[in-house]
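This report refers to the structure that appears directly beneath it.
Nothing in this text is a laboratory measurement; each read-out follows from the coordinates by a stated rule. Keep in mind that this is a model prediction, so the values were computed, not measured. Neighbour counts are summed over all protein chains in view; Cβ atoms, including those assigned to glycine, are modelled from backbone coordinates with ideal geometry.
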Amino acid sequence: MSPTEEAAGGGGDDYDRLSELKAFDDSKAGVKGLVDAGVTTIPAIFRGHLLQEGPKVSSSSSSSSTSLSIIPVIDLSAADAVAREEVVAQLKAAAETVGFFQLVNHGVPSELLCEMLPSVRRFNEEPHEVKRPYYTRDARRKVRFNSNFDLFQSPAANWRDTLFCEAAPEPPRAEELPVAVRHVMLEYGGAVREVAARVLGLLSEALGLSPGHLAGMGCAEGLSLVCNYYPPCPEPDLTLGCSRHSDPSFLTVLLQDSHAQGGLQALLASRWLDVPPVAGALLVNVGDLLQLVSNGRFKSVEHRVVANRSRDTARVSVACFCNADIARSTRLYGPIAELIAADDSDGAGRALYRNVTVPEFLAHYDKKGLDGRPALHRFQLLQ
Ligand code: OGA
Ligand code: NI
C-alpha cells in the first residue's frame, strides 16, 4: 500500500508554523481557549494531517453496528466462576485479532465510573486562571495539563486538550491534583489497576504462561491517566481529535463518555471502524509493549479520534496506560523466551523485536510524535 500524503486543507508552508505553535502553547489555554475566543475557522497548525490509507478524515466507513460485532464484549466476572477457560479463549481471540475488547462486569464501582468523566469535564471547563498553573510540558511533574503532548514534533496538531496524571507506582500528593478531579482520580486509577492485573493474568494464560507471568515482568507497575477533552470543532473535516497511533503501553483501559457523536475509530482490515461506547463497559486494548513481549501474537491496533462535530458539547475520555515504572524501570523488555521457542518449529526461536527498556521506547515515541508511523517499527528485527 503506498501511502498518499494529502493535506487536509490549506495548512501549507506559507506561514511561520513554529511561531504559531509557540503562541498557542504560550497561551496555556489549549484548544478550549480557542473555542472560548469564538474561532470559526481552525488555525493552520491544526491542518495538514497526513491522510494515509483509509477513507477521508471526515467519513466513517462503516456503521457502528458493524464494529460492535467485530469488537467483542467480554464478561470479566465469568472468569471467577466456572467459565475461566472460556474467558481466556475470548481474550486470546480478541488480543490476537482486533486488539480491542469491551469489558463488562469488571468490578470498577459504578460511583467511580459515573464521577470520573464529569470531573474531567469540570476541570476543563474551569476558568482559564484555574487551569493555567497546571499547564506544563515538564515531564518531571506528575500532574500535567497541556494541549498536544507532541505539539512541536507532529506534522499537524489535534483538536484536544489533555490532563495527565502519573498515578502509580508513586502517586502525586492529593494537593497536586486540581480540585475538580481530586476526589476521584487516584481512587479510579487504583480500581483500574486491579482490573488490569486480572486481565493481564488471563492474558498470560492465553499465551500459555503462568497467570503471574506478565505482572511478574512489571507490566502493570505503573499507571498513567490520560484525561482527554475534545472541544467542539468548527471545521471537523479539516483536522482530527487525535491522529492515528497505537498506544505506548502494555495495556490501555479506556473510559469514554456517551457523547452522541462518538469519535474513536480503529483501523481494522484497512478500514476505519467506529468504536462507540458501551454503557458501563471499559474498552481495553493491547499496547505496543504487549505486542513486543508477545512476539507479535497480540496486536496493538492503530486507532484515532475524529474531530468533535458537536456544536456545543465536548467529548471526554480517560485512557489509563498500564506500563512499567516509566521513570525508573531499567529492565530490558523483549519477546518472552517461551514464546519465541514455541513460535519456531525447529525450536531455534525467532524474535521479531529487539530488547528495549521502557524509558528508551517512550523517548522514541515522544520524540517522533503522532506522525502516522508505528513506534514499534524502530524495534523490529529484520527477518
Ligand atoms: C489515547 C486514545 C481515545 C479516545 O488517549 O491514546 O486513543 O477515545 N484515546 O480518547
Ligand atoms: Ni490511543
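Could you work out the percent of alpha carbon pairs in the range 262-383 separated by over 24 Å, rounded to a whole number?
On the way: 2956 of 7381 pairs.
Roughly 40 percent, rounded to a whole number.
Computed about the Cα centre, the dipole magnitude for the chain is approximately 360 debye when only Lys and Arg (+1) and Asp and Glu (-1) carry charge, each at its Cβ. Hey, can you list the DSSP H helices of the chain whose Cα span along the axis is 27 Å or longer and whose average Kyte-Doolittle score is at least 0.5? TM-like helix candidates: 185-206. Listed cross-link partners Lys32/Lys367; Lys22/Lys131; Lys131/Lys368; Lys142/Lys368; Lys32/Lys131; Lys32/Lys142 are compared with a 20 Å cut-off, the Cα-Cα value being larger for Lys32/Lys367; Lys131/Lys368; Lys142/Lys368; Lys32/Lys142.
Considering the chain at the alpha-carbon level, its Rg and Dmax are found to be 20.2, 65 Å. The largest-to-smallest principal axis extents of the Cα set in the range 149-265 are 51, 37, 32 Å. Legend: calculated FRET efficiency, Ala269 to Ala174, from the Cβ-Cβ distance at R0 = 45 Å, rounded to 0.05, equals 0.50.
With contacts taken as Cα pairs under 8 Å at a separation of at least 6 residues, the range 3-379 carries a relative contact order of 21 percent.
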